[in-house]
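Data block below; observations after.
Bear in mind these aren't lab numbers, they're just calculated from the coordinates by the rules spelled out. Just so you know, these numbers come straight off a predicted model, no measurement behind them. Neighbour counts are summed over all protein chains in view; Cβ atoms, including those assigned to glycine, are modelled from backbone coordinates with ideal geometry.
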Amino acid sequence: MVKRRDIVTAGLGISAMSLSGCTALYPPGGRVSVRNRHNKIHTIDVVISDDKNGIVFDRTVKIGANEEKEYKEAFGSGIFNVKASTESIDKLFELNVDQCNDVILYIIVTEDGVLEISQASC
């Protein structure tokens with residue numbers, strides 16, 4: 001017979017595992033995801049820098065229509081200045097990485113050819 005205590009204990013273990021993405025097991029930081037949803041090839045320059053260390057990530061990405069490229073371990077913790085540029089658009093963004101170890105910085109060319117920058121945190 002299953003006891004209530006066993007169910008509660010199992011639930012706590014599952015909850016702890018699902019939160020493990022934001023623990024001290026891994027150093028804070030994240031990755032860059034460059035996506036092109038437009039029907040044309042684009043060249044995107046991505047530069048991530050901070051006041052203390054200067055440039056921490058610098059890539060020129062040639063990306064085909066409806067393609068995605070990802071760069072792991074692109075930055076650590078801190079506040080970063082992000083500049084993304086296409087052939088005709090420059091965008092600036094402030095990336096704030098606290099203690100999360102799986103932040104994703106999205107650089108997206110939309111279906112209409114507009115450049116967007118956003119971030120997702122754990």
Subject >> Two-site FRET efficiency, Ala65 against Ala120, from Cβ-Cβ distance with R₀ of 22 Å, rounded to 0.05 >> reply: 0.40
**OP:** Go through Asn39, Ile79, Ile107 and say which Cα lies farthest out towards the positive end of the charge dipole of segment 26-120; charges sit on Cβ, +1 for Lys and Arg, -1 for Asp and Glu.
**Re:** Asn39
Original post:
Tell me, what is the percent relative contact order of segment 26-120, built from C-alpha pairs under 8 Å that lie six or more residues apart?
Top reply: 36
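In segment 26-120, how does Rg compare with the Kirkwood Rh, expressed as the Rg/Rh ratio over alpha carbon atoms? Numbers along the way, then the final one.
On the way: Rg = 12.8 Å, Rh = 13.3 Å.
Rg/Rh for segment 26-120 comes to 0.97.
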Original post:
What is the local net charge at Ile79, summed over the other residues whose Cβ is closer than 9 Å to its Cβ (Lys, Arg +1; Asp, Glu -1)?
Top reply: -3
Subject >> Karplus (6.51, -1.76, 1.60) ³J(HN,Hα), θ = phi - 60°, over segment 78-87, in Hz, Gly and Pro reported as x >> reply: x, 10, 10, 9, 10, 10, 10, 9, 10, 4
Original post:
How many nm separate the modelled label positions at Ile104 and Tyr26, each set 7 Å beyond the Cα in the direction of the Cβ?
Top reply: 1.2
Original post:
What does the charge dipole of segment 31-106 about its Cα centre add up to, to the nearest 20 debye, if the Cβ of each Lys and Arg holds +1 and the Cβ of each Asp and Glu holds -1?
Top reply: 300
